[in-house]
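Report on one structure; see the data block that follows.
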Amino acid sequence: MSDEFDKKIEAKADTIVDAGSVPSGSAPGIDYVPAHEKPDQELYHSHSWWTTYVFSQDAKYIGIQYAITAIGTGLIGLVLSWMMRLQLAFPGLGILEPSAYYQFITMHGMIMVIYLLTALFLGGFGNLLIPLMCGARDMAFPYLNMVSYWAFLLAVLILLSSFFVPGGPTGAGWTLYPPQAITSGTPGSSAGIVLMLISLCVFVAGFTMGGLNYIITMLQSRARGMTLMRLPLTCWGIFTATVLALLAFPALLVGCIMMTLDNLLGTSFFMPAMISMGEKLSYDGGSPLLFQHLFWFFGHPEVYIIALPAFGIISDLISVHARKNIFGYRMMVWAIVGIGALSFFVWAHHMYVSGMTPWFGYFFATTTLIIAVPTAIKVYNWVLTLWRGNIHLTLPMLFALAFIVTFVNGGLTGIFLGNVTVDVPLSDTYFVVAHFHMVMGIAPILVVFGAIYHWFPLITGRMLHEGIGRIHFWVTFLGSYAIYFPMHYQGFVGVPRRYFEIYDSPYITTSTLHLNVFITIAALIVGAAQLLFLFNLIYSARAGEKAEKNPWKANSLEWLTPEMPPGHGNFGKELPVVYRWAYDFNVPGADKDYIPQTVPPSEVRYAKVEKT
Amino acid sequence: MDQAALKKLPRGWKSIPSDLNSDQTAFKGVNWGKAMMWIFLLSDTFIFSCFLLSYMTGRGSTVLPWPNPSQVFALNFMGVPVPLLLIAIMTFVLITSSGTMAMAVKYGYEKNRKLCGTFLLLTALGGLTFVGMQAFEWSKLIFHEGVRPWSNPYGAPQFGSFFFMITGFHGTHVSIGVIFLFIFTRKVFRGDFDSGRKGYFTSMKSDYVAIEILGLYWHFVDLVWVFIFAFFYLW
């Protein structure tokens, strides 16, 4: 930036240049990068089809395995939501039994939050992108990484097997609140809930293995020159989310273990003295509130486990497709870290109506509203990145723009619900359903789509079909507003959530009934558009237009591999050397509108780049 | 990073910004596995914290009297009930095994195969003794005193619930540690860590640092026991 700074760097570099190995042919002074600290990673080389594609230890393949499993499970969640919507729109048809409705609601919630979004963002995108973006050959512990995927698959299978046990899956709602979760009368209160709890425990164990990998790879296995503050924001989002997961999942694990014991052994951790079917149960003296605290100590960070990777990915998409550096990179990093830290101090805002002392509610309302500060910083910075950018309305950019709008919408309703006094009347209405679907359903899913359209060429070497993609985008974006905007209204007029049948009665406005039909039609259309997207994935992977190398002209390392899709070991013989951050777009003085991270300063002497 | 390069790095508080601003690694010269174990232990700390906090909540909110630990856990010695006798021995054995583990790590880095393996074996035996005594304690509580996870003759049923769950979870940790200690003993005596023999599952080269990593886990399990000991037997 300033000549003085360059001189200082040059002087410093001249004194220490002997310590590092300087690639021959480049000017040694300004291109100084510290030498390798460690020998090249020892890799596992597969020899058979089974160890290459099935029991793969290559993070890229594991990422794809994670993604396919997660999306497959997510489709089941989608079908469940269709069934629920049909039941709500046409209660007279008797599509679902009440118990089936509760079972579907529970499975839909759990599948979408944990088995789709968490697994897809961290397991899928994390595995695919972390080693590539950090400039590593693979994850730090490839074997552990493989076990992590198989544990995830096992968790999914255990979860789905609960559809086939006597009594069916649990119908306790995704929050699994005791005592009703394990009391007779709740669907799946014997076998279903146990399978759910065991599945969650297996998921946590599997995720811990993967999460340790992501953290160590990012901290200990970066390329030469890749400082933490040069990492793409995607990495920062996934990193912080992983830290949250490693600290939040323990609470879920403990809650699950204790409830399993309550159910199988008859302990009374969460179960108070109760009368069921006219008989006093053997339970006595447990605290249902304890479970709520454990669950939400996991549950609230879980929201950010999904949101933070989405924040990171969207920052990268916006920057690349608006050809402009991300506004306030450091601020963005600190906002991610700050949101992550704050997310551990807000959990009881999910429990305002559980009978806590009002002083507690006051504390948690305050911390909840404080989170709005770093979140708003992020939204402003996205908008400022777009401002005067060279916006390309590519598919990833469309999804990114849709994300910002949707996230702001869901965030604003979050401010309503974060305040105790406003939350009490809105609690357990469709307003809550609309809020969390907007902010942690639709918004992250839009990021998932944007990310898939963006990185599909990296995985397959082909572009996704543009026309089908645009139909998919508009139907999904407008359709999800058609679904969730009316729900805000339904919440205001007091329609309760979790009712399996809403019919004409003095307590329900007539407009609600018509809206329910409208929402269901919209949901069916949006769901069908996802099938179009799946078709696009399969079709384009086989017969899509061949992508050129680095098709979006991005700067980050994943596009700079010698071959695309990247091969085993990612970077060929020599690992890349990094000289700059990932956001050098449209730098004044440079001859191209982007400067990849591996371009040394001596090659772009006249470019006025940011010092990172 | 070699020792000479490590020595040139800033020390103390200054090392924090210097390490975090540097490239390649955030923990300079730290083995990946070792860093991973520390982070795993942090996560595991949260698990045990959740367990113990739940225990405190449960014990604090029950209306029934909580059994007196010095009575429940007493052992008859020469006809006299001695409170906490068994637990004192168990704790002593486990803490001692931490000492032998530290010796094993030291001799590992000195590439003293025989002493390293011997101390690992001693640690494993210490752990096994602990688990054995815990099994004895459990069976005494269950078969002689009628304590069950769902009820007990002394008072609040949550006493048995929390006791069996938390000591059971800790005992599982110890048992896993013992299994790995035996495996590592065999590996040390076979010379895997000297020859850099490839692991059966991971196919990665063996290194003496693995003993230190196992040591971290073992010390952690001992440290957790101190808390469990304090909260269950002394409170």
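Scan the stretch A:575-611 for chymotrypsin sites (Phe, Trp or Tyr not before Pro) in coil per DSSP, keeping those whose Cβ has at most 12 other Cβ atoms within 10 Å, and list them by number. Let's see the in-between values first.
Numbers: sites: A:Tyr579, A:Trp581, A:Tyr583, A:Phe585, A:Tyr594, A:Tyr606; in loops: A:Tyr579, A:Trp581, A:Tyr583, A:Tyr606.
For chymotrypsin sites (Phe, Trp or Tyr not before Pro) across the stretch A:575-611 that sit outside H, G, I, E and B with at most 12 neighbouring Cβ atoms in 10 Å, the list reads A:Tyr606.
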*Using a 10 Å cut-off on Cβ to Cβ distances, tally the other chain neighbours for every residue of B:147-160 and report the average as a whole number.*
3
*Could you tell me which of B:Val209, B:Ser18, B:Phe40 has its Cα farthest along the dipole of the stretch B:14-234 towards the positive end, charges placed at Cβ (Lys, Arg +1; Asp, Glu -1), taken about the Cα centre?*
B:Val209
*Work out the charge dipole of the protein assembly as shown with +1 on the Cβ of Lys and Arg and -1 on the Cβ of Asp and Glu about the Cα centre, then indicate which of A:Val609, A:Ala529, A:Val147 is farthest towards its positive end.*
A:Val609
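With +1 on each Lys and Arg Cβ and -1 on each Asp and Glu Cβ, how big is the dipole of the stretch B:14-234 about its Cα centre, in debye rounded to the nearest 20?
Working: 16 positive and 11 negative charges, 109 e Å.
Roughly 520 debye, rounded to the nearest 20.
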*Hey, can you grab everything whose amide H is under 5 Å from the amide H of A:Thr429? Only 5+ residues off in sequence or another chain; H modelled, so Pro and N-termini drop out.*
A:Arg497
*Measure nothing fancy, just the Cα-based angle from helix B:209-229's long axis to the longest principal axis of chain B, in degrees from 0 to 90, nearest 10.*
20
*In terms of modelled amide H atoms, which long-range or inter-chain residues lie less than 5 Å from the amide H of A:Tyr594?*
A:Asn586
*Could you work out how far apart the two model spin labels at A:Asp40 and B:Ser18 are, taking each label as a point 7 Å from the Cα in the direction of the beta carbon, and quote it in nm?*
3.1
*Leaving out same-chain residues fewer than 8 places away, which lysines sit with a Cα under 16 Å from that of B:Lys28?*
A:Lys38, B:Lys7, B:Lys8, B:Lys14
*Which whole-number value in Å² is the accessible area per residue of chain A, probe 1.4 Å?*
38
*Counting other Cβ atoms within 10 Å, which trypsin sites (Lys or Arg not before Pro) in the stretch B:1-49 have at most 13 and lie in a DSSP loop?*
B:Arg11
*asked:* Taking R0 as 22 Å, what FRET efficiency do you get between A:Ser190 and A:Lys280 from their Cβ-Cβ distance, rounded to the nearest 0.05?
replied: 0.70
*Provide the FRET efficiency to the nearest 0.05 for the B:Val80-B:Leu53 pair, computing r from the beta carbons and using R0 = 60 Å.*
0.95
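Can you tell me the dipole magnitude for the stretch B:4-54 around its Cα centre, using point charges on the Cβ only (Lys, Arg +1; Asp, Glu -1), in Debye to the nearest 20? List each step's numbers first, then the result.
Numbers: 6 positive and 3 negative charges, 75 e Å.
Here the size comes out at about 360 debye.
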_Average projection area in nm² (convex hull over Cα atoms of the protein assembly as shown, one quarter of hull surface)_ = 39.0
*Karplus couplings for the stretch A:594-601 from phi (6.51 cos²θ - 1.76 cosθ + 1.60, θ = phi - 60°), rounded to Hz, Gly and Pro as x?*
8, 10, x, 4, 8, 7, x, x
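Determine the relative contact order of the stretch A:549-612: mean sequence separation of Cα pairs under 8 Å and six or more apart, normalised by residue count, in whole percent. Walk me through the intermediate numbers first.
On the way: 75 pairs, mean separation 20.9, N = 64.
Normalised by residue count, the contact order of the stretch A:549-612 is 33 percent.
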*Using θ = phi - 60° and the Karplus relation 6.51 cos²θ - 1.76 cosθ + 1.60, list the HN-Hα couplings for the stretch A:393-409 in order, rounded to whole Hz, with x at every Gly or Pro.*
7, 6, 4, x, 5, 4, 5, 5, 5, 4, 4, 4, 4, 5, 5, 4, 4
_What do you get for trypsin sites (Lys or Arg not before Pro) in the stretch A:203-309 restricted to DSSP loop and a cutoff of at most 15 other Cβ within 10 Å of the site's Cβ?_
none
_Percent of Cα-Cα pairs more than 22 Å apart in the stretch A:181-302, please._
48
_Whole-percent carbon and sulfur share, accessible surface of the stretch B:14-234, 1.4 Å_ = 71
*For the stretch B:14-234, report the translational diffusion coefficient in µm²/s to the nearest whole number, using Stokes-Einstein at 37 °C, 0.692 mPa s, and a Kirkwood Rh over Cα pairs.*
168
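About the Cα centre of chain A, how large is the charge dipole given +1 on each Lys and Arg Cβ and -1 on each Asp and Glu Cβ? Please answer in debye to the nearest 20.
Values: 30 positive and 33 negative charges, 140 e Å.
Around 680 debye, computed over chain A.
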_Cα-based equivalent ellipsoid of the stretch A:197-243: semi-axis lengths in Å, sorted from largest, via gyration tensor_ = 27, 11, 5
*Relative to the longest principal axis of the C-alpha atoms of chain A, give the angle of the C-alpha long axis of helix A:191-220, reported between 0 and 90° and rounded to the nearest 10°.*
20
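For a Förster distance of 60 Å, can you work out the FRET efficiency between the beta-carbons of A:Val383 and B:Trp235, rounded to the nearest 0.05? Each step should come with its number before you reach the end.
Details: r = 55 Å, r/R0 = 0.91.
Plugging the Cβ-Cβ distance into 1/(1 + (r/R0)^6) gives 0.65.
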*Using only protein heavy atoms and a 1.4 angstrom probe, determine the accessible area buried between A and B, summed over both sides, in Å² to the nearest 100.*
3900
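Could you compute how fast the stretch A:164-240 diffuses translationally, taking Rh as the Kirkwood radius over C-alpha pairs and applying Stokes-Einstein at 20 °C with viscosity 1.002 mPa s? Give it in µm² per second. Don't jump to the answer; show the numbers that get you there.
Values: Rh = 15.4 Å.
Calculated translational D: 139 µm²/s.
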*Scan around B:Val82 for amide H atoms under 5 Å from its own, H built in the peptide plane at 1.01 Å from N, and keep only partners 5 or more places away or cross-chain.*
B:Leu75, B:Asn76, B:Phe77
*Find, to one decimal place in angstroms, the Kirkwood hydrodynamic radius of the stretch B:1-67, where the mean of 1/r is taken over every pair of different Cα atoms and then inverted.*
15.6
_Principal axis extents for the stretch A:57-231, Cα atoms only, whole Å, descending order, please._
65, 30, 25
*asked:* For the stretch B:17-135, place one equal point scatterer on every Cα, skip the solvent, and apply the Debye formula. What is log10 of I(q)/I(0) at q = 0.09, 0.14, 0.18, 0.20 Å⁻¹?
replied: -0.49, -0.94, -1.14, -1.20
*HN-Hα J couplings of the stretch A:165-173 from phi, Karplus 6.51/-1.76/1.60, θ = phi - 60°, integer Hz, Gly and Pro as x?*
9, x, x, x, x, 5, x, 8, x
*asked:* Let me make sure I get this right: for the stretch A:393-547, a, b and c are the square roots of the gyration tensor eigenvalues over alpha carbons, sorted descending. Under 1.5 in a/c it's rounded, otherwise prolate if a/b > b/c, else oblate. Which is it?
replied: prolate
*Pop a pseudo-label 7 angstrom from the Cα along the beta-carbon direction at both A:His514 and A:Val337 and give the gap in nm to one decimal.*
5.4
*asked:* Quick check on the stretch A:549-612: what are the equivalent-ellipsoid semi-axes from the Cα gyration tensor, as sqrt(5λ), descending, whole Å?
replied: 23, 12, 9
*Say each of B:His144 and A:Ser161 gets a label point 7 Å from the Cα, pointing the same way as Cα to Cβ; how far apart are those two points in nm?*
4.0
_Most positive-pole-ward Cα, A:Ile415, B:Gly99, A:Thr394, against dipole of the protein assembly as shown from beta carbon charges_ = B:Gly99
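Starting from the Cα gyration tensor of the stretch A:502-612, take the square roots of the eigenvalues, sort them a ≥ b ≥ c, and report rounded, prolate or oblate (rounded when a/c is under 1.5, otherwise prolate if a/b is larger than b/c, else oblate).
Numbers: a/c = 4.02, a/b = 2.27, b/c = 1.77.
It is prolate, given that a/c is not under 1.5 and a/b is the larger ratio.
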*asked:* If you fit an axis through the alpha-carbon atoms of helix A:510-543 and take the longest principal axis of the Cα set of chain A, what angle between them do you get, 0 to 90°, nearest 10?
replied: 40
*Across 5 Å bins from the origin, how do the percents of Cα pairs in the stretch A:47-160 run, short distances first?*
2, 12, 19, 18, 14, 11, 8, 6, 5, 3, 2, 0
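Over chain A, what is the relative contact order in whole percent, taking alpha-carbon pairs under 8 Å and six or more residues apart? Mind dumping the intermediate values first?
Details: 1006 pairs, mean separation 91.8, N = 612.
Result for chain A is 15 percent.
The values are calculated or read from the model by the stated rules, or taken from the named source; none is laboratory data. From a predicted model like this one, the values you see are computed outputs, not experimental measurements. Glycine gets a Cβ as well: all are built from the backbone with ideal geometry, and neighbour counts include every protein chain shown. What goes into the accessible areas is simple: the full protein's heavy atoms, side chains included, and nothing from ligands, DNA or RNA. Shrake-Rupley method; radii C 1.70, N 1.55, O 1.52, S 1.80 Å.
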